[in-house]
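Asker: First, the structure itself, so that you have it in front of you.
The values are calculated or read from the model by the stated rules, or taken from the named source; none is laboratory data. Note that the structure is predicted; figures quoted are calculated from it, not measured. Because the Cβ atoms are built from the backbone with ideal geometry, glycine has one as well, and the counts that use them run over all protein chains shown. Protein only, heavy atoms only, side chains kept; ligands, DNA and RNA dropped before computing areas. Shrake-Rupley method; radii C 1.70, N 1.55, O 1.52, S 1.80 Å.
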Amino acid sequence: EPEVTQTPSHQVTQMGQEVILRCVPISNHLYFYWYRQILGQKVEFLVSFYNNEISEKSEIFDDQFSVERPDGSNFTLKIRSTKLEDSAMYFCASISPAISPGEQYFGPGTRLTVT
Amino acid sequence: RKEVEQDPGPFNVPEGATVAFNCTYSNSASQSFFWYRQDCRKEPKLLMSVYSSGNEDGRFTAQLNRASQYISLLIRDSKLSDSATYLCVVNGRDSSYKLIFGSGTRLLVRP
């Protein structure tokens with residue numbers, strides 16, 4: 001069964017450093033997402049990406065965040081200058097709306113720890 | 001008001017019990033409704049979609065009441081492996097198909 005993959009599984013970084021989280025969505029999917037989940041809290045939408053551009057972003061997704069699909073397979077989330085409050089699980093997801101708009105396939109997540 | 005509201009639990013039930021979770025959502029324009037399951041420190045996984053007519057998948061039954069903006073999940077004959085957090089999820093009419101999650105209801109099934 002096809003799956004979304006994410007690397008690394010765990011990233012530890014110092015406050016102020018840049019991090020890049022990587023995802024490989026399912027190959028025939030068209031919409032890509034990043035969500036985050038702070039420990040003990042709910043899953044929160046960050047950004048959606050379609051047709052090589054951001055289709056929607058949340059208030060959390062400020063100027064410190066950016067997304068890219070550099071090569072047609074990878075989908076990356078960059079945090080330019082990490083803060084302590086960026087510590088969370090970051091999940092990538094993808095869908096093919098023609099099949100099912102709500103059945104988002106989630107990757108296993110990257111745990112980001114900012115010290 | 002929270003967009004999707006759930007009782008956090010935990011619900012602590014014996015094996016074989018029937019347990020019901022409820023959820024309310026605030027945006028009447030929401031179009032699609034789901035229950036996802038999340039195990040500790042893992043990714044959410046789709047359990048089932050929820051339809052107005054109600055739907056059943058084995059031991060799981062989901063109901064939607066659009067007038068009351070209310071969604072439910074019933075689990076019959078609980079198994080130890082059902083222990084997890086159950087996430088009520090909606091998406092709206094917007095073109096991004098983003099998902100809006102509730103905080104989840106934790107279920108513990110004991111032997």
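Asker: Tell me, what is the per residue accessible area of chain B in Å², probe radius 1.4 Å? All intermediate terms of the calculation are to be shown ahead of the outcome.
Answerer: Values: 5450 Å² over 111 residues.
With all protein chains present, chain B gives 49 Å² per residue.
Asker: If you don't mind, there's one more thing I want to ask. How many square angstrom of accessible surface are buried between B and A, both sides summed, with a 1.4 Å probe and rounding to 100?
Answerer: Working: alone 6350 and 6650 Å², together 11240 Å².
Using a 1.4 Å probe, the pair buries roughly 1800 Å².
Asker: Which of the trypsin sites (Lys or Arg not before Pro) across segment A:68-113 are loop residues per DSSP, with 15 or fewer other Cβ within 10 Å? Spell out each step's value before the answer.
Answerer: Details: sites: A:LYS78, A:ARG80, A:LYS83, A:ARG111; in loops: A:ARG80, A:LYS83.
Those satisfying the criteria are A:ARG80, A:LYS83.
Asker: For segment A:1-95, what does the relative contact order come out to in percent, with C-alpha contacts under 8 Å and a separation of six or more?
Answerer: Details: 183 pairs, mean separation 35.8, N = 95.
Over segment A:1-95, the number comes to 38 percent.
Asker: Pull up the cross-link candidates among the lysines for B:LYS2, meaning alpha carbon to alpha carbon under 29 Å and not fewer than 8 places away within one chain.
Answerer: Cross-link targets: A:LYS42, A:LYS57, A:LYS78, A:LYS83, B:LYS42, B:LYS45, B:LYS98.
Asker: For peptide B:39-45, compute the average count of partner chain beta-carbon atoms within 10 Å of each residue's beta-carbon.
Answerer: Working: counts 0, 0, 6, 5, 15, 8, 3.
What the average comes to for B:39-45 is 5.
Asker: Another question, then. I'd like the mean, over residues of B:96-107, of how many other protein chain beta carbons sit within 10 Å of each residue's own Cβ. Let's see the in-between values first.
Answerer: Numbers: counts 11, 14, 13, 11, 4, 7, 2, 4, 3, 0, 0, 0.
Taking the mean over all residues of the peptide, I get 6.
Asker: ³J(HN,Hα) across segment A:50-55 via Karplus (A = 6.51, B = -1.76, C = 1.60, θ = phi - 60°), whole Hz, x for Gly/Pro?
Answerer: Along segment A:50-55, the couplings run 8, 6, 6, 8, 5, 9 Hz.
Asker: Can you give me the solvent accessible area of B:TYR70 with a 1.4 Å probe, rounded to the nearest 10 Å²?
Answerer: Accessible surface of B:TYR70 is approximately 90 Å².
Asker: Over chain B, what is the relative contact order in whole percent, taking alpha-carbon pairs under 8 Å and six or more residues apart?
Answerer: Normalised by residue count, the contact order of chain B is 37 percent.
Asker: Follow-up question, since we're still on this one. Stokes-Einstein diffusion coefficient for chain B at 25 °C in a medium of 0.890 mPa s, Rh from the Kirkwood formula over Cα pairs: what value in µm²/s? Please report the intermediate quantities before stating the final value.
Answerer: Details: Rh = 14.1 Å.
Translational D for this selection: 174 µm²/s.
Asker: Taking the Cα-to-Cβ direction at B:GLU56 and at A:ASP63 and moving 7 Å from each Cα, how far apart do the two end points lie in nm?
Answerer: Each label point is offset 7 Å from its Cα along the Cβ direction, giving 5.7 nm.
Asker: Which Cys residues of chain B have no other Cys beta carbon under 4.7 Å away?
Answerer: B:CYS40
Asker: If you take each beta carbon of peptide A:31-41 and count the beta carbons of other chains within 10 angstrom, what is the mean?
Answerer: On the way: counts 4, 0, 4, 0, 5, 0, 5, 0, 1, 1, 3.
For peptide A:31-41, the averaged partner shielding equals 2.
Asker: Give, in whole angstrom and from largest to smallest, the semi-axes √(5λ) of the equivalent ellipsoid of the protein assembly as shown, with λ running over the eigenvalues of the Cα gyration tensor. Please report the intermediate quantities before stating the final value.
Answerer: Details: eigenvalues 181, 80, 51 Å².
The three semi-axes for the protein assembly as shown are 30, 20, 16 Å.
Asker: Just check chain A against the gyration tensor rule for me: Cα atoms, a ≥ b ≥ c as the square roots of the eigenvalues, rounded for a/c under 1.5, and otherwise prolate or oblate depending on whether a/b exceeds b/c. Intermediate values should be presented prior to the final figure.
Answerer: Details: a/c = 1.70, a/b = 1.62, b/c = 1.05.
Because a/c hits 1.5 or more and a/b exceeds b/c, chain A counts as prolate.
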